[in-house]
Amino acid sequence: MQIYLNGESCGQLNIEQDGLMTVFEADCCLEGEGIFRLYVFEGKKELYLGILEPSAGVWKLRRSISASQLRRSGISAPEEAVCLPPGVTLEAFMSGRDNGWRYAGDISKYITEDILKNTDINGAGTLVKDEDGAVLLAFPAAEHEPFNLEPLFCFAEICDIAGRDYAVFRLDGKGDPIMPPEE
């Protein structure tokens with residue numbers, strides 16, 4: 001099963017039976033530092049597997065879970081494996097998912113290259129959502145940190161998504177920003 005981080009495949013999760021235990025073994029190619037948490041999902045039910053640990057350039061996790069613990073979790077056949085990046089909580093991930101937000105991954109799919117070449121933004125933690133024929137792209141924003149898309153700030157609408165501030169841009173079909181609607 002593929003493991004996804006920010007909407008893109010970052011590794012593999014193997015699931016095997018060993019007697020009464022289910023063994024989850026993950027290998028991921030991750031960049032950066034911090035705590036990367038791994039979850040599996042079946043419908044709206046989730047099971048926390050643990051924290052991936054770096055080992056010789058690959059991030060790994062091995063966890064054995066008993067059949068009774070799996071039953072209590074409501075997970076019988078995991079459908080999806082997700083790695084949450086540092087700073088993203090499960091609550092924020094689930095809340096955003098319930099409201100139509102998903103991780104953007106490679107943001108160059110949504111916004112023009114002319115805009116991106118003048119920034120040092122990498123898209124980590126960026127969310128995307130389709131709404132009324134436009135694409136909404138939400139970049140994490142922190143009150144006391146520089147904003148990497150400063151030339152476009154007038155196009156941003158600061159919004160709370162799952163308890164975290166984001167600068168949300170409305171983009172047309174070509175990836176150009178649209179002024180936020182007046183209230």
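Work out how much length residue 31 to residue 64 would gain on full extension: take 0.36 nm times their residue separation and subtract the Cα-Cα distance, in nm to one decimal. Mind dumping the intermediate values first?
Details: separation 33, 0.36 × 33 = 11.88 nm, distance 2.60 nm.
That pair, residue 31 and residue 64, stretches by 9.3 nm at full extension.
Using Cβ contacts closer than 10 Å as the measure, can you line up 29, 83 from fewest to most?
On the way: 29 13, 83 23.
The order, fewest Cβ neighbours first, is 29, 83.
What is the extension gain from residue 174 to residue 44, computed as 0.36 nm multiplied by their sequence separation minus the C-alpha to C-alpha distance, in nm to one decimal? Could you put the intermediate results ahead of the total?
Details: separation 130, 0.36 × 130 = 46.80 nm, distance 3.37 nm.
Going from the current span to full extension adds 43.4 nm.
So how much slack lies between residue 109 and residue 4, counting 0.36 nm per residue of separation and subtracting their Cα-Cα distance, in nm? Walk me through the intermediate numbers first.
Values: separation 105, 0.36 × 105 = 37.80 nm, distance 1.74 nm.
Contour length minus the Cα-Cα distance gives 36.1 nm.
Using Cβ contacts closer than 10 Å as the measure, can you line up 36, 153 from fewest to most? Write down the numbers at each step before the final one.
Details: 36 23, 153 12.
Ascending number of Cβ neighbours within 10 Å: 153, 36.
Based on the Cα coordinates of segment 2-86, what is the per residue volume of their convex hull in Å³?
86
Which of the aspartates and glutamates could a cross-linker bridge to residue 174, judged by Cα under 17 Å and excluding same-chain residues fewer than eight apart?
Straight-line reach from residue 174, under 17 Å: 106, 113, 114, 130, 131, 132.
Ranking 174, 129 by Cβ neighbours within 10 Å, fewest first, what do you get? Don't skip to the answer; put the middle values down first.
On the way: 174 7, 129 17.
Ranked by crowding around the Cβ, least crowded first: 174, 129.
Roughly what would the spin-label model give for residue 23 and residue 89, points 7 Å off Cα along C-beta, in nm?
3.5
Over 23 Å apart: what share of the alpha carbon pairs of the chain falls there, rounded to a whole percent?
Percentage above 23 Å: 48.
Every read-out reported here was derived from the displayed coordinates using simple, explicitly stated rules and does not represent laboratory data. The structure displayed is predicted, hence computed values, not measured ones. FYI the Cβ positions are ideal-geometry reconstructions off the backbone, even for glycines, and counts take in every protein chain you see.
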